[in-house]
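The values are calculated or read from the model by the stated rules, or taken from the named source; none is laboratory data. This one's a predicted model, so the numbers in the text were calculated from it and none came from an experiment. Quick reminder, even Gly has a Cβ in these numbers, built from the backbone with ideal geometry, and neighbours come from all protein chains shown. Side chains are part of the model used for accessible areas, which takes the heavy atoms of the whole protein and leaves out ligands, DNA and RNA. Shrake-Rupley method; radii C 1.70, N 1.55, O 1.52, S 1.80 Å.
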Amino acid sequence: MSEPPLWPSDVADDATPIEFSIQFEDDGARHLRILAETLPAHPGPAVNLQAAEDLIDSLAGRYDLSLDRLHSVRDLFSSAEPQGKFSWWFSFIFDADGAPKFKVYFNPQVRGADEAPHLVREAFERLGMPGAYDTVSKYALQRGEVDHLTFFALDLDRSPQSRVKLYISQYAAQPTDAEFAASAVRDIDPGQVREFCSVLAGDTPIFLGRPLVSSYSFVEGDLDEPSNYSLYLPIRDYVRDDVVARDRVLAHLRQRDIPPAFLDELISAVTDRPLEANAGLLAHVSLRLSPNRTGTTVYVSSEAYGGTPPAQRVPRSSPNHSTPYSANRTAIL
Ligand code: TRP
């Protein structure tokens, strides 16, 4: 940690290649997760992908992974000259007992942005979910260039609940856009999405900083209809600092009957810095909606390389704290 980062990992704002999150189930259960990018000693797009493939091999030697889905789509999400911000990421999901679970995230942009829709459609077809792409497209890809295919993910555990998941970044979205995206899933209440946005983003009318991300999960037998919708809200761009972020997350946890003390436990596990010193410790908050189950996940930066740099911060003087930061403005246009 005394050296600068070896690679500008996009996992966290300060290039740390890991990010913590805690998954809260509405029934009180909690899971720790770590999102991570595998980095070799001399990183680069192609060798990072190789390191990720090697990690799969070594995990498969130690754990009982289900790799059929991975094998049927891996060539789509690989390239000799990977493009975009990453090729494959992982998440490690820990339970109080039992072996960890693993998830792999592919980058639909790995062969360039133009190829992304084709790759995702083909991946769903190979996985026996031929109509999934059209469903997602109807609900979350209707706004043209401001909706981006961001991650295509697979659970690697052997279970009927093992998911195929697609994430879409929705730039310059309004809460109603997310509410519409949620309406793709039957028997959930899309109105919860609007409430979530209002509590966590302080009634921000339009998300001009980092984008809202919508995701859909498909499990075996779902064919074309997703069985879950989740919304990820990059709270760090819509608050003055982590004092405000903490207050809003607390309000949300209270509404969902999740013990609010969990949040301070989580914060003190990663930092003792004053919360008013910066924003970005609380990076995202997500809401998971399934017909019989809901949950919340809080994403916490390790800030190992110093946390969200000031240049990426929303100017404090902006009236509603939602002015796009310049890097993102370029990304949108
Ligand atoms: N840091 C990236 C971002 O904020 C990727 C990322 C990390 C992310 N964790 C996330 C995106 C959780 C959505 C949700 O976009």
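Surface composition of region 1-101: carbon and sulfur atoms hold 55% of the protein heavy-atom accessible area at a 1.4 Å probe.
A Gaussian network model of the chain, with springs between Cα atoms under 10 Å, assigns the largest mean-square fluctuation among Gln23, Gln83, Gln255 to Gln255.
Sorted from greatest to least, the principal axis extents spanned by the alpha carbons of region 81-225 come out as 40, 40, 28 Å. Global dimensions of region 18-321 from alpha-carbon coordinates: Rg and Dmax equal 18.7, 54 Å. Summarising the label geometry, the points placed 7 Å from Cα in the beta-carbon direction at Ser198 and Arg240 lie 2.3 nm from one another. Report summary: the helix-based calculation at 222 nm, which adds -39500 (n - 2.57) for every DSSP H run with n ≥ 4 and divides by the residues of the chain, gives -8500 deg cm²/dmol. With contacts taken as Cα pairs under 8 Å at a separation of at least 6 residues, region 111-269 carries a relative contact order of 20 percent.
I need the helices of the chain that pass two filters: whole DSSP H segments spanning 20 Å or more by Cα along the axis, and mean Kyte-Doolittle score no lower than -1.0. Helices passing the filter in the chain: 45-62.
Structure remark: mean-square fluctuation, Gaussian network model of the chain, C-alpha springs under 10 Å; the largest value among Leu59, Leu127, Leu149 belongs to Leu59. On full extension, the segment bounded by Ser183 and Arg143 gains 12.8 nm, given 0.36 nm per residue less the C-alpha separation. Among the lysines of the chain, pairs that are 8 or more positions apart or on different chains and have alpha carbons within less than 22 Å of each other number 5.
For the chain, calculate the relative contact order in percent as a whole number, restricting contacts to Cα pairs under 8 Å that are 6 or more residues apart.
17 percent
3J(HN,Hα) along region 81-91: 10, x, 10, x, 7, 6, 10, 10, 10, 10, 10 Hz, from the Karplus curve 6.51 cos²θ - 1.76 cosθ + 1.60 with θ = phi - 60°, whole Hz, x for Gly and Pro.
Remark: the chain carries 44 Å² of accessible area per residue (probe radius 1.4 Å; ligands, DNA and RNA excluded).
Taking all protein chains as they are arranged and a probe of 1.4 Å, the heavy atoms of Glu37 leave approximately 20 Å² accessible to solvent. Computed over the chain with a Gaussian network model linking Cα atoms closer than 10 Å, the most mobile of Arg33, Arg293, Arg62 is Arg62.
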